[in-house]
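Okay, structure first, notes after.
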Amino acid sequence: MARKRSNARIRQGQDLARKIFDRKISELESLSEEEKAKLRGEFPLLSQAEFEDVIRQTIEAKSYHQEVVGWHAVPSDIAVLILVILTAIFDLRIGVIACIAALVFFESIFQFYFNRDLYRPLSTLVWLTYPAYLVFAYLLYREGFEVLWIAVGVILAFLGTNYLGPLARIPVRMILENRARGIQEAAKIRAEREKEPGTTKKD
C-alpha cells in the first residue's frame, strides 16, 4: 500500500512538472499563493516540500535547456566577430575564409562540450553581433560596394553564420553516432561470445 502511494506521488510530481513546463521561468518564479493552492489542489498527494521541489527542479531544467540552446548559438556569434575584425584588419576574402573556418571549428567543439560557467560570459557576445553587422556594412561601403551589394553581403553574413552552423555539426555528429554504434556492436558481439558453450569470462 505504501509503495502504491509512493508511486502515485511520483506520478503526480511528473504530471505537475509536465503541466507547468510550458510556462515562462519568470512566471514560475513568481507564482502567487492562490496559483500554488490551485495547483496543489490538482495534485493533493504531494507534500508542500515535494510541490516546491518540483517547481524548483522545473525552473532548473528550463534554465539549463535555455543555456544549452544559447550555447549552440555562440559559434555563430564568434564567427561574425571574426569576419568583421579580420575584414577590417586585412580584407574581405581573409575575413570570409577565417569566418567559415571558425564556424566549422567552434560548431564541432560546442556540439559535444558544454560549460555553464563559460556560457555566461560568452552569451554576452550576442550583443556585439548587432553593431558588428553595422561595422561590416561600413567596411563593405569603404571597399566601394554599392548599397544593394552591401545589403546582400550583410544578409549573407547573417544567414551564413546562423544556418551553416547545423551543416558544420554534421561531421562530428556522424563521428559520434558511428562511435556509439561501434561500441554497441562490440558489446553485442562480446555478449554473444560469452553465451557460446565453452567460453569463459576473462578477468
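The values are calculated or read from the model by the stated rules, or taken from the named source; none is laboratory data. A quick note: this is a predicted structure, and the numbers were derived from the prediction, not measured. Glycine gets a Cβ as well: all are built from the backbone with ideal geometry, and neighbour counts include every protein chain shown.
Against the conditions (1) at pLDDT 80 or above; (2) touching a helix residue (DSSP H, G or I) at 6+ places or on another chain (Cβ under 6 Å); (3) under 23 Å from G95 (Cβ atoms); (4) not aromatic (F, W, Y), S123 satisfies every one except (3). Among what's in region 19-47 and is within 26 Å of the chain's Cα centre (by Cα) and farther than 20 Å from E67 by Cα, pick the residue that is surrounded by the fewest Cβ atoms within 10 Å (Cβ to Cβ). Looking at residues that are within 26 Å of the chain's Cα centre (by Cα) and farther than 20 Å from E67 by Cα, I get S30. Per the listing A61, A49, the residue uniquely of a type outside the set (D, E) and out of contact with any Phe, Trp or Tyr (no Cβ under 9 Å at 6 or more places or on another chain) is A49.
Going through region 142-163 one residue at a time, which ones are among the hydroxyl-bearing types (S, T, Y) and either modelled with pLDDT of 95 or more or loosely packed, with under 13 Cβ neighbours inside 10 Å (or both)? Give the steps one after another, and end with the answer.
Going residue by residue through region 142-163, those that are among the hydroxyl-bearing types (S, T, Y) are 161, 163.
The answer is Y163, and nothing else.
Would you confirm whether any residue within region 77-94 is buried (at least 21 other Cβ atoms within 10 Å of the Cβ), under 16 Å from the mean Cα position of the chain (by Cα) and under 14 Å from R169 (Cβ atoms)? No.
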